[in-house]
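Working notes, structure below.
No value in this document is a laboratory result; all are computed from the given coordinates. Because the structure is predicted, anything quoted here is derived from the model rather than measured. Ideal geometry is used to build each Cβ from the backbone, glycine not excepted, and the neighbour counts take in all protein chains shown.
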Number of protein chains: 2
Amino acid sequence: MLKNKITDLLTIKYPIIQAPMAGGITTSQLVAAVSNHGGLGNIGAGYMSPQQLRDQISEIRELTANSFGVNLFVPNEFEASEDEIHRASSFLQPIREQLNVSETLSIEIPEPKNGFIAFKEQIEVVIDEKVSICSFTFGIPSSEVIDLLKQHNIILIGTATTVREAVEIEKIGMDMVVVQGSEAGGHRGNFLDGSQNSLVGLMSLIPQVVDRVNIPVIAAGGIMDGRGLLASLCLGAQAVQMGTAFLTCIESGAHNVYKEAILKSHEDQTVLTRAFSGKWARGINNQFIQNTEEHQHTFPEFPVQNTLTQSIRKAAASQNNQEFMSLWSGQSPRLAKIQTVESLIHQMIDEAEKIKV
Amino acid sequence: MLKNKITDLLTIKYPIIQAPMAGGITTSQLVAAVSNHGGLGNIGAGYMSPQQLRDQISEIRELTANSFGVNLFVPNEFEASEDEIHRASSFLQPIREQLNVSETLSIEIPEPKNGFIAFKEQIEVVIDEKVSICSFTFGIPSSEVIDLLKQHNIILIGTATTVREAVEIEKIGMDMVVVQGSEAGGHRGNFLDGSQNSLVGLMSLIPQVVDRVNIPVIAAGGIMDGRGLLASLCLGAQAVQMGTAFLTCIESGAHNVYKEAILKSHEDQTVLTRAFSGKWARGINNQFIQNTEEHQHTFPEFPVQNTLTQSIRKAAASQNNQEFMSLWSGQSPRLAKIQTVESLIHQMIDEAEKIKV
């Protein structure tokens, strides 16, 4: 039971993958614990400098001999006019003042070319450090990058929100695909289809993707326990990827206020917003989301808006103020627990093995 | 396998329920075929007069000796000012003209009290005709209605989109609850929570409801085959309710153009709209939905808007024009087939029994 092409390829005991959450959540302790207890740990390296990534890989290698993955954001072309940035920044100014954030003028707006340079350098670290698994969010890298990684026998995983995106991921030669259901917390991974159309629930998404691609499918979105694991396998997936469930684990780097906010939330209290980063993402509703709801369509694209809100999120975190933090969460917060990674994985497997239908 | 409290209570062979789709889809042939082949057929009686309901019950009884259900819309209080109605009607007028619909002034706007009178009469028919199963959408009937139906030993099924709604359905004394995931086609059944917040995918919704109520749970939304059936059971549901899968069956009364539109659709081509009826519902995107998108928030509530668009939907159907029909569909249209009810049910059971995880 629970052995398949994915567990073989990734050399893991259980078909359980820890979602690569960016922004300090995937500590070395979290990644190593997942890999040590039979799953696949993943570094959410999207926002990391090459050196930070290199350092974390070394640190994890001291904690586990098992394989783990690195997840990168595929950079997107973007345009943001001075005027658009100025308007967004002015809109955010009262929130900065409320949180006593002084640095308004020092915001360094990213440039598209810098994103591509950083991505190329991250890829070099992955190859240099002989990381065996590399996954991507927000799109598909160029075929040059794919070929380079494949020459080094690195297993490649794409992220799709629709059948069409999964087909493109297979076509470029990736080895497996994460299908992100509408239940998923955090950023939407859509890159071909609009963010609204691509909000497809896993009950619909998994079988429709499985019927159209030959590479193995990993289910992501709202999966928290053995029930979700077994249901995903019934639908045709070969593994699950879980974010929120690992985020509230003791080993995760998520702020305690953030963990507590998830534990207190209900299934109908997450919403989609683009106000934090410029990309649509699912998180627990709070004052920041409510204050920006009417204006969110005017905000600049990712990663510009992300930069504009950085000081707000940072100040809110240091003030333990959940109302202005990005509290990404999937739609199953009632199933979240504070526990060790070991306990989460073992309870999942025990539960899955006991389900009789 | 596949035997549980729901199959016992409903006296059905398989835990498969045909969703009660209103508006002529649930023909007597469809309802009877489902009940004859081991599932539970349901009359979508929401828009029916007491006499129409009585007639269909008699007709189905000539076709099956097995039990079947009747589904009713719980009437809602609503307000619609003359001005609001006039504005909506004016907005729709160019569409009426495009379809050569003449009757503009003859529209009879419903009154709240009529909805409550019709509901009371429908309940009387259910009792009179000794229908053994009655389900409700759009809310919870008064405890007087519940008590009356229970005195006649009628099994009662509510519809919920959130944990809170499921808890209320249990509290008033219903026997089981349909949980409607965000994947579901047709009208949203939310009655306590806003339509947007209550868009929870089944992977999240089923286990969170199951953990909070003691009555058995029926999963609805995007389920089309044995994979969806088994996945729902893994998540803790005891049966599935399927709309789109039965809608494209040969026995269903859906327009051929409508069935064909589903067969040609993809998982990312359904959208939520309130422009057809005044209540949010999921259907295949078309010209009517696109034309009304910007204005839909200004349209009057259900059932007033439904009445205003009736002639448009009727004319479009008679002209085989799918662009102005309401093409309700769940998020799994790629899994739809034109087939008999017998073939659908038997293939589902065969498939479910073969799945090994």
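Using a Förster radius of 56 Å, what is the FRET efficiency between A:Q347 and A:E84 based on their Cβ-Cβ separation? Nearest 0.05, please. Each step should come with its number before you reach the end.
Details: r = 48 Å, r/R0 = 0.85.
Efficiency, rounded to the nearest 0.05: 0.70.
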At a Förster radius of 60 Å, what calculated FRET efficiency corresponds to the Cβ-Cβ distance of B:Y47 and A:S58, to the nearest 0.05?
-> 0.35
Restricting to chain A, what percent of DSSP beta bridges are antiparallel, rounded to 5?
-> 20
In chain A, taking the dipole from +1 charges on Lys and Arg beta carbons and -1 charges on Asp and Glu beta carbons about the Cα centre, the listed residue (A:Q122, A:L2, A:S67) farthest towards the positive end is A:L2
Among the lysines in segment A:5-354, how many pairs, 8 or more places apart or on different chains, have alpha carbons under 17 Å apart?
-> 8
Those aspartates and glutamates that a straight Cα-Cα span of less than 20 Å connects to A:K3, excepting residues fewer than 8 apart in one chain = A:D175, A:D225, A:E342, A:D350, A:E351, A:E353, B:E353
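Can you compute the FRET efficiency between A:E97 and A:Q339 using 1/(1 + (r/R0)^6), with r the Cβ-Cβ distance and R0 = 51 Å? Round to the nearest 0.05. All intermediate terms of the calculation are to be shown ahead of the outcome.
Working: r = 39 Å, r/R0 = 0.77.
Step by step, r from the Cβ atoms, then E = 0.85.
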Checking A:G44, A:G201, A:G243 against a Gaussian network model of chain A (alpha-carbon springs below 10 Å), the top fluctuating residue turns out to be A:G201
Rounded, prolate or oblate (a/c below 1.5 giving rounded, otherwise prolate when a/b exceeds b/c) for segment A:9-135 by Cα gyration tensor = prolate
Checked against the positive end of the charge dipole of the protein assembly as shown (+1 on Cβ of Lys and Arg, -1 on Cβ of Asp and Glu, about the Cα centre), the farthest of B:T270, B:S135, B:H346 is B:H346
Shortest-first distances to equivalent copies, position B:E342, nm, label 7 Å out along Cβ = 5.8
What gaps in nm, shortest first, separate B:K120 from its twins in the other copies when you place the label 7 Å past Cα toward the beta carbon?
-> 7.8
Tally Lys/Arg at +1 and Asp/Glu at -1 over every other residue whose Cβ is under 11 Å from the Cβ of A:G186; what's the total?
-> +3
Peptide ranges A:88-95, B:231-238, B:65-72 listed from the most packed, as the mean C-beta count within 10 angstrom indicates = B:231-238, B:65-72, A:88-95
Label geometry 7 Å along the beta-carbon vector: A:E294 inter-copy distances in nm = 1.9
Search the structure for amide H atoms under 5 Å from the amide H of A:L40, placed 1.01 Å from N in the peptide plane, and list their residues when 5 or more places away or on another chain.
-> A:I16, A:I17, A:Q18
Measure off 7 Å from each Cα along the Cα-to-Cβ vector at A:D211 and A:K5, then give the distance between these two points in nanometres to one decimal.
-> 1.8
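Using Cα pairs under 8 angstrom and six or more residues apart, how large is the relative contact order of segment A:5-354, in percent? Numbers along the way, then the final one.
Details: 716 pairs, mean separation 67.1, N = 350.
The normalised contact order for segment A:5-354 reaches 19 percent.
What is the protein assembly as shown by shape, rounded, prolate or oblate, if you read a ≥ b ≥ c off the alpha carbon gyration tensor as root eigenvalues and call it rounded for a/c under 1.5, prolate for a/b larger than b/c, and oblate otherwise? Walk me through the numbers on the way to the answer.
Numbers: a/c = 1.93, a/b = 1.49, b/c = 1.29.
Prolate, since a/c reaches 1.5 and a/b exceeds b/c.
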Say each of A:V167 and B:E124 gets a label point 7 Å from the Cα, pointing the same way as Cα to Cβ; how far apart are those two points in nm?
-> 5.6
Average beta carbon contacts from partner chains per residue of B:261-271, 10 Å cutoff = 4
If every Lys and Arg gets +1 and every Asp and Glu gets -1 at its Cβ, then about the Cα centre the protein assembly as shown yields a dipole, in debye to the nearest 20, of 1500
Taking the Cα centre of chain A as the origin, how large is its charge dipole in debye, to the nearest 20, when only Lys and Arg (+1) and Asp and Glu (-1) carry charge on their Cβ atoms?
-> 900
